[in-house]
Amino acid sequence: TAKSSATPQKAKAKPARPAIRIESSTMHTRWQEVRAAVGPKELLKLSEQFERDFPFSAVDQQNQALQVCARKTLTIARTAGLSSDFFDEKVGDANYKAQLKSAIRSDKEAAYQLALAYRSGTSGVAANARRSEQWLRFAADLDHARASWELAEIYNHEGLVADAARYEKRAAELGHSIPPRLPSRGY
């Protein structure tokens, strides 16, 4: 027994993150602010501030996932040519606001539902063909098959053959069943 107590113990591997977690009412309040953020810029800003102020918190992975979603949303919006106020709508009922919040977090179905709301004038928003098309584009860029198809149809009717073909191809790649085409379709 004397020999075993004299033997040095093996050092444990260091954890990748400190074991200390700062859990406080301030952190909880700030996390609720992050979760309540609607605009992607606001979400990213609050999320990054939260990460700086509460590193290695219990919600670290969720917070990082929100940052990824916010960055993806901003990239898609920029690529699609959407204005900076695209996500700052002050209209809509509770369902609209919930769908908007989800869409900003890269929920393609929520983005598609917003397109449908603008198409039909439901969820507390007025019918707006342009806004519906923008949400279809956003949903399509999040890989929503039906949105890609509907966007292709809009572009086809507008005579934007290259855009129509691109989104039709994307719809097919995403698993949407493409109906047979007439040879006069143009592509």
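The values are calculated or read from the model by the stated rules, or taken from the named source; none is laboratory data. From a predicted model like this one, the values you see are computed outputs, not experimental measurements. In this analysis, Cβ positions are derived from the backbone assuming ideal geometry, glycine residues included, and neighbour counts consider all displayed protein chains. The accessibility values were calculated without ligands, DNA or RNA, using every heavy atom of the protein model including side chains. Shrake-Rupley method; radii C 1.70, N 1.55, O 1.52, S 1.80 Å.
Some observations on this one:
- Residue within region 80-90 that is among the basic types (Lys, Arg) and in contact (Cβ under 8 Å) with a residue 40 or more places away in the chain present: no
- Pair list, Cβ under 7 Å, 6 or more apart: region 112-131 residue crowded, with 18+ Cβ neighbours inside 10 Å, other residue charged (D, E, K, R): 112/146; 118/131; 123/93
- For region 132-161, a residue qualifies if it is part of a helix (DSSP H, G or I), free of Cβ contacts under 8 Å to residues at least 24 places away in the same chain and surrounded by fewer than 19 Cβ atoms within 10 Å (Cβ to Cβ), and the qualifying residues are 133, 153, 154, 157.
- Of the residues making up region 47-72, those that are in contact with a helix residue (DSSP H, G or I) (Cβ under 8 Å, 6 or more places away or on another chain) and either of a type outside the set (S, T, N, Q) or closer than 20 Å to residue 128 by Cβ (or both) are 48, 50, 51, 53, 54, 59, 60, 66, 69, 70, 71.
- Test: residue in region 111-125 that is in a loop (DSSP other than H, G, I, E, B), out of contact with any helix residue (DSSP H, G or I) (no Cβ under 8 Å at 6 or more places or on another chain) and among the hydroxyl-bearing types (Ser, Thr, Tyr): no
- Enumeration of residues in region 81-102 that are assigned to a helix (DSSP H, G or I) and open to solvent by 30 Å² or more (accessible area, probe 1.4 Å): 94, 95, 97, 98, 99, 101, 102
- Taking (1) part of a helix (DSSP H, G or I); (2) buried (at least 17 other Cβ atoms within 10 Å of the Cβ) in turn, residue 165 satisfies each apart from (2).
- Any hit, region 147-166, residues being hydroxyl-bearing (Ser, Thr, Tyr), closer than 30 Å to residue 94 by Cβ and within 20 Å of the chain's Cα centre (by Cα): yes
- In the set 78, 105, only one residue is more than 11 Å from residue 138 (Cβ to Cβ) and open to solvent by less than 50 Å² (accessible area, probe 1.4 Å); that residue is 105.
- Residue in region 17-35 that is closer than 13 Å to residue 101 by Cβ, modelled with pLDDT of 90 or more and of a type outside the set (Asp, Glu) present: yes
- Annotation note: of 82, 74, 100, 43, the sole residue that is modelled with pLDDT under 95, of a type in the set (A, V, I, L, M, F, W, C) and in contact with a Gly (Cβ under 9 Å, 6 or more places away or on another chain) is 100.
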